[in-house]
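Chemist: Next up is a structure, given as structure tokens.
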Amino acid sequence: MTKTIFITGASTGLGRATALLFAGKGWKVIATMRNPAAGADLAAQGVTVMALDVTNPAQIAEAAKAALALGPVDVLFNNAGYGLAGPFEGATDEQLRAELDTNLLGVMRVTQAFLPAMRERGQGTILTTTSIGGLVTFPFNSVYHATKWGLEGWSESLAYELAPFGIKVKTVAPGGIATDFASRSLVMTQHSAYGEAMARTFAAFSNPERRSNASSAEKIADAVWDAVNDDADRVSYVAGDDAKATYAQRLAVGVEAFRAGIRQAFLGG
């Protein structure tokens with residue numbers, strides 16, 4: 001029987017690459033995005049495209065109902081999200097609310113919409129894109145880290161309570177992805193007191209050598225495929241060579257030594 005995956009944030013980047021990968025492997029793919037016109041090329045390849053803003057509870061309910069009317073959803077892939085970077089002190093309340101609403105609450109809302117059908121069916125997989133930033137931290141990304149660490153903890157806890165119903169809960173934690181995330185999906189906060197430290201940090205982030213280690217969206221989509229099809233009792237899947245190396249280093253040297261290294265690399269001491 002053909003399996004179905006429902007993807008949020010599928011207009012570009014990882015979401016789009018995942019939609020194409022699963023469709024190419026014979027899955028029924030429901031790709032959602034705020035502007036469905038951006039998915040015209042996906043629709044032309046047999047992907048079902050739906051409008052979905054994960055901050056809109058009514059639209060989430062409508063999309064879940066429409067998707068389930070087409071048949072059971074085997075995999076929910078929570079991928080919608082964006083970055084908020086810069087000094088925490090400079091973040092507006094609107095910026096804080098929007099980041100949490102999309103990255104954290106949006107995932108929770110969409111998951112709740114599909115849980116009853118998965119529970120009644122006795123099977124399903126809930127996979128969420130977190131980030132290496134959900135396992136380690138860097139300067140000037142505190143609110144983004146709050147959402148991604150939150151998703152890792154939420155997923156790990158949720159896995160316990162859904163296992164008796166045959167539902168698996170997993171995360172995929174990529175490092176850098178060679179997409180337009182930094183220009184399209186990044187909001188900046190501002191505060192003059194942090195200018196020098198900000199300049200150092202973003203110079204480190206934009207270092208060509210560092211950027212050259214980023215994975216393609218297609219490579220991370222392969223990791224999504226592997227996570228979905230892995231029968232192991234495992235929650236977190238670190239994806240991409242850069243992310244794997246970074247996380248391995250944190251585990252090897254310990255938290256404080258790792259923090260000292262990050263401080264030196266990004267802030268100069």
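Every read-out reported here was derived from the displayed coordinates using simple, explicitly stated rules and does not represent laboratory data. Quick caveat: nothing in here was measured; it's all calculated off a predicted structure. Every residue, glycine as well, gets a Cβ built from its backbone with ideal geometry; the counts of neighbours run over all protein chains shown.
Chemist: How high is the FRET efficiency from A252 to D222, r the C-beta distance, R0 30 Å, rounded to 0.05? Walk me through the numbers before you get to the answer.
Modeler: Values: r = 26 Å, r/R0 = 0.85.
After rounding to 0.05, the efficiency reads 0.70.
Chemist: In nm, to one decimal, how far is the A117 label point from the A232 one, both placed 7 Å along Cα→Cβ?
Modeler: 3.0 nm
Chemist: Now a separate question. Gain in length, A163 to A43, computed as 0.36 nm per residue apart minus the alpha-carbon separation, to one decimal in nm?
Modeler: Numbers: separation 120, 0.36 × 120 = 43.20 nm, distance 3.39 nm.
Working it through step by step, the gained length comes to 39.8 nm.
Chemist: Could I ask something else about it? So if I take the centroid of the Cα atoms in region 169-241 and the same for region 121-157, what is the distance between those two points in Å?
Modeler: Taking the Cα centre of each part, region 169-241 and region 121-157 sit 12 Å apart.
Chemist: Can you figure out the FRET efficiency of L96 with T2, using R₀ = 35 Å and their beta-carbon distance, to the nearest 0.05?
Modeler: It comes out at approximately 0.25.
Chemist: Could I ask something else about it? With labels modelled as points extended 7 Å from the Cα through the Cβ direction, what inter-label distance (nm, one decimal) is found for S142 paired with A61?
Modeler: About 3.7 nm, to one decimal.
Chemist: Same structure again: Go through region 94-177 and name the GluC sites (Glu not before Pro) that are in a DSSP coil and have 10 or fewer other Cβ atoms within 10 Å of their Cβ.
Modeler: In loop regions of region 94-177 (DSSP not H, G, I, E or B), there are no sparsely surrounded GluC sites (Glu not before Pro).
Chemist: Expressed as a whole number of Å, what is the distance separating the alpha-carbon centroids of region 249-269 and region 82-114?
Modeler: Distance between centres, Cα-based: 27 Å.
Chemist: Can you tell which of G86, G106, G71 shows the greatest fluctuation in a Gaussian network model of the chain with Cα springs below 10 Å?
Modeler: Taking springs between Cα atoms under 10 Å, the residue moving most is G71.
Chemist: Shifting gears a bit: Over the chain, what relative contact order in percent results from Cα pairs under 8 Å that are six or more residues apart?
Modeler: Taking the mean separation of contacting Cα pairs over the length of the chain, I get 19 percent.
Chemist: Rounded to the nearest 0.05, what FRET efficiency is calculated for A197 and R34 with R0 set to 30 Å and r the Cβ-Cβ distance?
Modeler: 0.35
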